[in-house]
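A quick write-up on the structure given underneath.
The values are calculated or read from the model by the stated rules, or taken from the named source; none is laboratory data. None of the values given here were measured: they were computed from a predicted structure. When we count neighbours, we look across all protein chains shown, and the Cβ atoms used for this are built from the backbone with ideal geometry, even at glycine.
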Amino acid sequence: MRVIRHLPRLAAPLPRVVLTLGNFDGVHRGHQAIVARAREEAARRGAQVVLLTFHPHPLIVLAPDRGRALIQSLHDRLASLRTLGVDITVVQRFTRAFASLTPEEFVEGFLLRSLALVHVVVGYNVNFGRARAGSAATLRELGARHGFDVDTVGPVTVGDVAVSSSIVRDAVAAGDVARAEVLLGRPYRLRGRVIVGDRRGRTIGFPTANLHVRPRVMLPTDGVYAVRVHAGGAVHAGVVNVGVRPTFGEARRTVEAYLLDFDGDLYGRWLELDFVARLRGEQRFDGIAALKAAIAADVAHARRILAESAVAERS
């Protein structure tokens, strides 16, 4: 997948484009359906799939006081899009000036200057342009004027719920990582670099990797989780604690992963944690002995859950 930063930088327009656009935070089942439809149309027309996304998230620019946390960093969003077979992803810097474009200016003065559009595929509830005034109907009107067709996709539902980034965020924020996996179509994943912590875990027999996670990427609610840890091409069973470690009277929120049956140096490496299940909430224990007993129970519980999950995936 080719990545282009900022559409106006192109030296020449991209030919025969099937376009989809949006924030794509989480690249959930709804997003996947949109990209799949775009790929079908591109194959039928002998065209290429171009996905336009925005960075930073528009709400971070337009309403910073709302403190929107993201399901994925830009790096992880691009990695997810790459697996879907997108030909080109355009990462457009979102600014207040860009947000001031009318829907017509956005299509005619921005998109059509750089993209030879033959087709556009969008979500059923798409909005774009100044004050979010543009819709799928607006795109169809402009497409009739400029020679491109428009498809809408969705809603994609799980049960009776329409999948959206907001619904996924709600599940992650509640620690319901099993539901998040259903909505995403894959495990909820958190990525971070291992940094030097206080090394306290080594002293109690459970050495942990302390992860630095990208700013603005949301964390699940505090607690203990069973995870699969991707490290340098290998996958390890693990237990991760998200929280403030109240037994030690701390206030700084951390993400600490204990890799089962692993002995090695992880400092400076990137780890990816696939969350499988929440084991319990974070607790304060009366002393180190009680804490060690609880961690040992968490490890045993995680082993059972991860083994059962592996069997279910193979069946």
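Of all residues in segment 146-159, those being modelled with pLDDT under 95 and loosely packed, with under 14 Cβ neighbours inside 10 Å number 1. Scanning segment 131-140 for residues that are surrounded by 14 or more Cβ atoms within 10 Å (Cβ to Cβ) and not hydroxyl-bearing (Ser, Thr, Tyr) yields a count of 4. Contact annotation: residue pairs with Cβ atoms under 8 Å, 6 or more positions apart or on different chains, pairing a residue in segment 235-250 that is assigned to a loop (DSSP other than H, G, I, E, B) with a partner that is at pLDDT below 95 and among the small types (Gly, Ala, Ser), are VAL244/ALA251. Got a number for residues in segment 15-46 being of a type in the set (D, E, K, R), over 26 Å from VAL161 (Cβ atoms) and assigned to a helix (DSSP H, G or I)? Total satisfying the criteria: 3. Quick check: is even one residue across segment 251-262 surrounded by fewer than 18 Cβ atoms within 10 Å (Cβ to Cβ) and touching a residue at least 60 places away in the same chain (Cβ under 8 Å)? Checked against the condition, which is being surrounded by fewer than 18 Cβ atoms within 10 Å (Cβ to Cβ) and touching a residue at least 60 places away in the same chain (Cβ under 8 Å), segment 251-262 yields no hits at all. Tell me yes or no: at least one residue of segment 209-219 is in contact (Cβ under 8 Å) with a residue 60 or more places away in the chain, small (Gly, Ala, Ser), farther than 15 Å from PRO187 by Cβ and surrounded by 15 or more Cβ atoms within 10 Å (Cβ to Cβ). The answer is yes; a qualifying residue exists.
Reported count of residues in segment 263-308, each being closer than 14 Å to ALA178 by Cα, buried (at least 18 other Cβ atoms within 10 Å of the Cβ) and not aliphatic (A, V, I, L, M), is 3.
Among all residue pairs at least 6 apart or on different chains, which show Cβ distances below 6 Å where the first residue, located in segment 155-180, is in contact (Cβ under 8 Å) with a residue 12 or more places away in the chain and outside the structural domain of TYR225 (by TED's automatic domain parsing) and the second is buried (at least 22 other Cβ atoms within 10 Å of the Cβ) and of a type in the set (Ser, Thr, Tyr)? Listed by first residue and then by second, the contacts come to VAL172/TYR188; VAL177/TYR188; ALA180/TYR188.
Which ones in segment 182-194 are assigned to a helix (DSSP H, G or I) and buried (at least 20 other Cβ atoms within 10 Å of the Cβ)? Scanning segment 182-194 gives LEU183, LEU184. Residue-level check: of (1) at pLDDT below 95; (2) in a helix (DSSP H, G or I); (3) in contact with a Leu (Cβ under 7 Å, 6 or more places away or on another chain), PRO8 misses just (3). Against the list (1) farther than 20 Å from VAL182 by Cα; (2) outside any strand (DSSP E or B); (3) charged (D, E, K, R), the condition GLU256 fails is (2). Checking the stated criteria, LEU59 turns out to be at pLDDT below 95 and either farther than 20 Å from ASN127 by Cα or in contact with a Lys or Arg (Cβ under 7 Å, 6 or more places away or on another chain) (or both).
Residues that are of a type outside the set (Lys, Arg), closer than 18 Å to GLY223 by Cα and in a loop (DSSP other than H, G, I, E, B) within segment 261-302 comprise GLY281, GLU282, GLN283, PHE285, ASP286, listed in sequence order.
When ALA171, ALA162, ALA178 are checked against the criterion of being under 19 Å from ILE71 (Cβ atoms), touching a helix residue (DSSP H, G or I) at 6+ places or on another chain (Cβ under 9 Å) and surrounded by 17 or more Cβ atoms within 10 Å (Cβ to Cβ), ALA171 stands alone in meeting it. Close Cβ contacts (under 6 Å, 6 or more residues apart or on different chains) running from residues in segment 78-94 that are hydroxyl-bearing (Ser, Thr, Tyr) and surrounded by 16 or more Cβ atoms within 10 Å (Cβ to Cβ) to residues that are part of a helix (DSSP H, G or I) and modelled with pLDDT of 95 or more comprise THR89/LEU81.
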